[in-house]
Amino acid sequence: MRYISTRGNAPALSFSDVLLTGLAEDGGLYLPETWPEFSLSDWRALRGLPYPELAARVMAPFAAPDISFETLKTLCERAYAGFSHPAVVPLTQVDDGLFVQELFHGPTLAFKDMAMQVLGHLFEHVLTQRNERVTIVAATSGDTGSAAIEACRGRERLSVVILHPKGRTSEVQRRQMTTVLEPNVTNLAVEGTFDDCQDLVKALFADMSFRREMNLSAVNSINWARIAAQIPYYVHAALALGAPEREVSFAVPTGNFGNILAAWAARRMGLPIRHLCVGSNRNDILTRFLNANDMTIKGVVPSLSPSMDIQVSSNFERLLFELLGRDAKRCAELMTGFRASGHMDIPAETWERARDLFSGLALDDAQTEAAIRSVHLRSGYLADPHSVIGIEAGRQFRQPGIPMVAEATAHPAKFPDAMVAATGILPALPPHMADLFERRERYRTVPATQNAIKDAVRAALAGGSTD
Ligand SMILES: *Cc1c(COP(=O)(O)O)cnc(C)c1O
């Protein structure tokens, strides 16, 4: 499989190159040149497979010919071996025709592990083949950093440097990062906001000589391999509920549009998906787009679901490219204009095409808290402030006779304050994290300047961090 950029002005690359490159040279995002399509009998053959094998079968056409199915299967088995639920992505019914698929049984208790664990193994495999090393640098507001650290810890060919805004992540989120003491992991507490961290990382990647010197690589949600690793759980849920003979719908709490884009990809591959529902918090640009074709950036407001506090959903560009009939020139114009003006005029027929498949629902904090309470009262199910937005969207948009699956993206124990406020119940951390608050932490506090970050990355490479 070759990959092309949504902006049409970057070389086509193989899967392994796309894995290591992330963003395309022209600022666009990589997508497969052609979509693999599975027949009815292909889908049926996946029924009942153990999750890692199903994942490898679904990902194989994307990774070919660089990585064989057999290798992928081994990597996926290793990636999901550490998950705490034997089914990896279990389904629970919470209402009439409404199911929850739990994606949070990985090491950091959020759905980012689903893809990041596979990515860690993929990086190791490709870098060993090429006899190379890379340094992964990423900014995090919470969940991405810990998932990247868990995926890379102790790996010989990877160093990982994570920037988090000092004092602005939850204590569970910070400790999940800073208590990992392997020498190839460096945590930087930046004296600034998440946006400062993100700008600092962008500037590092834009500095081509530094980028080459340090062999920098990115694992943020624009990396195609992450999307590819998120497609299998949609397949798994759909098959369990009667596909390919029966249609299924999905509801997904959304920030960067990466998770729900994987659902769209599953549908593009022939999985019978009827409807896709986007759930947002007050940062509701996607919902405003779907409901009123209003794609206008507003300031980010903090919410109970911090991993969805995003205004520019980077993966939306991939859907836009497809909705425009893969017109890369038009896509590039719209995206450049959007960055410059904060507003995108999407042609009415493109918007209508999106509306045929997607619906959007936004909940503010009070509505989120009320939804946590009512889901718990109705079904006994404890949903975290992200997952509950998906469940609520699924409940609103479900149709008779078509199972609706809401994706649960975080374990409720990650957000104890919100859970106690809504239900009076403090969910326990799972056994492997029960001593999180007693573990030793290690991180360096750095000012939000380019030179301080560069020095810290150099120090990380020279032999691990100390303090
Ligand atoms: C990252 C994240 C999301 C948003 O996922 P996107 O792929 O960015 O849409 C939702 N919930 C949780 C808990 C997350 O960590």
* To do: Please go through segment 259-285 and pick out each residue that is under 20 Å from Arg326 (Cβ atoms) and more than 10 Å from the ligand (Cβ to nearest atom).
  => Ala263, Trp264, Ala265, Ala266, Arg267, Arg268, Met269, Gly270, Leu276
* Residues within segment 296-333 that are out of contact with any His (no Cβ under 6 Å at 6 or more places or on another chain), in contact (Cβ under 8 Å) with a residue 24 or more places away in the chain and more than 16 Å from the ligand (Cβ to nearest atom), tallied -> 9
* To do: Return the only residue of Asn256, Asn187, Asn220 being polar (S, T, N, Q), within 16 Å of the ligand (Cβ to nearest atom), touching a strand residue (DSSP E or B) at 6+ places or on another chain (Cβ under 7 Å) and not in a helix (DSSP H, G or I).
  => Asn220
* Could you say whether any residue in segment 90-108 is touching a helix residue (DSSP H, G or I) at 6+ places or on another chain (Cβ under 8 Å), at pLDDT below 95, within 16 Å of the ligand (Cβ to nearest atom) and part of a strand (DSSP E or B)? -> no
* Asked: Could you say whether any residue in segment 378-390 is more than 12 Å from the ligand (Cβ to nearest atom) and under 25 Å from Leu261 (Cα atoms)?
  -> no
* Total residues in segment 223-243, condition away from the ligand (no atom under 13 Å from the Cβ) and more than 26 Å from Gln396 (Cβ to Cβ) -> 4
* Asked: Under the condition of being hydrophobic (A, V, I, L, M, F, W, C) and without any contact (Cβ under 8 Å) to a residue 24 or more places away in the chain, which residue from segment 5-39 is surrounded by the fewest Cβ atoms within 10 Å (Cβ to Cβ)?
  -> Ala12
* Any chance segment 171-181 includes a residue that's more than 20 Å from the chain's Cα centre (by Cα), under 20 Å from His121 (Cβ atoms) and at pLDDT 95 or above? -> yes
* To do: Residues being farther than 24 Å from Glu322 by Cα and either touching a residue at least 60 places away in the same chain (Cβ under 8 Å) or surrounded by fewer than 19 Cβ atoms within 10 Å (Cβ to Cβ) (or both): count how many of those fall in segment 345-374.
  => 11
* **Ser141 being closer than 23 Å to Phe437 by Cβ, within 16 Å of the ligand (Cβ to nearest atom) and part of a loop (DSSP other than H, G, I, E, B)** => yes
* To do: Could you grab me the full set of residues in segment 131-154 that are more than 18 Å from Arg175 (Cα to Cα) and touching a Leu at 6+ places or on another chain (Cβ under 9 Å)?
  => Glu132, Arg133, Val134, Thr135, Ile136, Val137
* Structure fact -> Scanning segment 233-245 for residues that are out of contact with any strand residue (DSSP E or B) (no Cβ under 8 Å at 6 or more places or on another chain) and either free of Cβ contacts under 8 Å to residues at least 24 places away in the same chain or part of a loop (DSSP other than H, G, I, E, B) (or both), the one surrounded by the most Cβ atoms within 10 Å (Cβ to Cβ) turns out to be Ala243
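The values are calculated or read from the model by the stated rules, or taken from the named source; none is laboratory data. Since this is a predicted model, take the numbers as computed values, not measurements. Please note: Cβ atoms are built from the backbone with ideal geometry, for glycine as well, and neighbour counts cover all protein chains shown.
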